[in-house]
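Enquirer: Quick one: structure below, then a few questions.
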Amino acid sequence: MTDTDQKSGDGLALQEAKPILKKPDMYRVLLINDDYTPMDFVVMLLQSVFRKDHDEATQIMLHVHTKGVGVCGAYTREVAETKVRQVMDLSQQSQHPLQCIMEPDESEN
Ligand code: TYC
């Protein structure tokens with residue numbers, strides 16, 4: 001007799017509750033290249049908003065500059081939304097045309 005087929009007095013089978021743990025859906029935050037936003041500004045954003053060190057921030061900025069688009073990181077929906085908003089707010093305040101978007105991270109499923 002195993003744990004799951006023990007019977008209680010009234011004949012009902014008792015089964016131990018299994019916690020259902022599902023990984024949250026993840027979203028990639030992407031930076032889009034443009035011809036006007038200064039490289040230093042993009043590096044600063046990657047350090048302040050995405051917590052990259054100067055070397056990694058520079059690598060990501062140069063990837064976006066040469067390829068047209070690049071991933072800053074993958075986050076839960078609310079965190080990704082907040083980072084996109086922070087990038088867009090800082091860019092707008094400095095009057096740069098920098099664009100930042102998010103998309104579902106399909107590699108997580
Ligand atoms: N292409 C810009 C320049 O030459 C730099 C840049 C990089 C802009 C990444 C946007 O997402 C970007 N000054």
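The values are calculated or read from the model by the stated rules, or taken from the named source; none is laboratory data. From a predicted model like this one, the values you see are computed outputs, not experimental measurements. Please note: Cβ atoms are built from the backbone with ideal geometry, for glycine as well, and neighbour counts cover all protein chains shown. The accessibility values were calculated without ligands, DNA or RNA, using every heavy atom of the protein model including side chains. Shrake-Rupley method; radii C 1.70, N 1.55, O 1.52, S 1.80 Å.
Enquirer: Give me the net charge of A57's neighbourhood, meaning all other residues with Cβ under 12 Å from the Cβ of A57; Lys, Arg count +1, Asp, Glu -1.
Expert: -2
Enquirer: Most mobile of Q47, Q95, Q86 per a Gaussian network model of the chain (Cα springs, under 10 Å)?
Expert: Q95
Enquirer: Moving on. What is the dipole size for the stretch 20-109, taken about its Cα centre, with +1 at each Lys and Arg Cβ and -1 at each Asp and Glu Cβ, in debye to the nearest 20?
Expert: Working: 9 positive and 14 negative charges, 43 e Å.
I would put it at about 200 debye.
Enquirer: DSSP loop GluC sites (Glu not before Pro) in the stretch 12-109 with at most 10 other Cβ atoms within 10 Å of their Cβ, which ones?
Expert: Values: sites: E16, E56, E78, E81, E106, E108; in loops: E16.
Qualifying residues, ordered by number: E16.
Enquirer: Before I look further, what does the stretch 46-92 give for accessible area per residue, probe 1.4 Å, in whole square angstrom? If you can, show how the numbers build up before the last one.
Expert: Working: 2790 Å² over 47 residues.
That works out to 59 Å² per residue.
Enquirer: With N residues in the chain, what two-decimal value do you get for its Cα radius of gyration over 2.2 N^0.38 Å?
Expert: Its radius of gyration relative to the 2.2 N^0.38 Å reference: 1.73.
Enquirer: Ok, one more. Angle check, please: helix 54-67 long axis (alpha carbons) against the longest principal axis of the chain (alpha carbons), in degrees 0 to 90, nearest 10.
Expert: Compared with the principal axis, the helix lies near 80 degrees.
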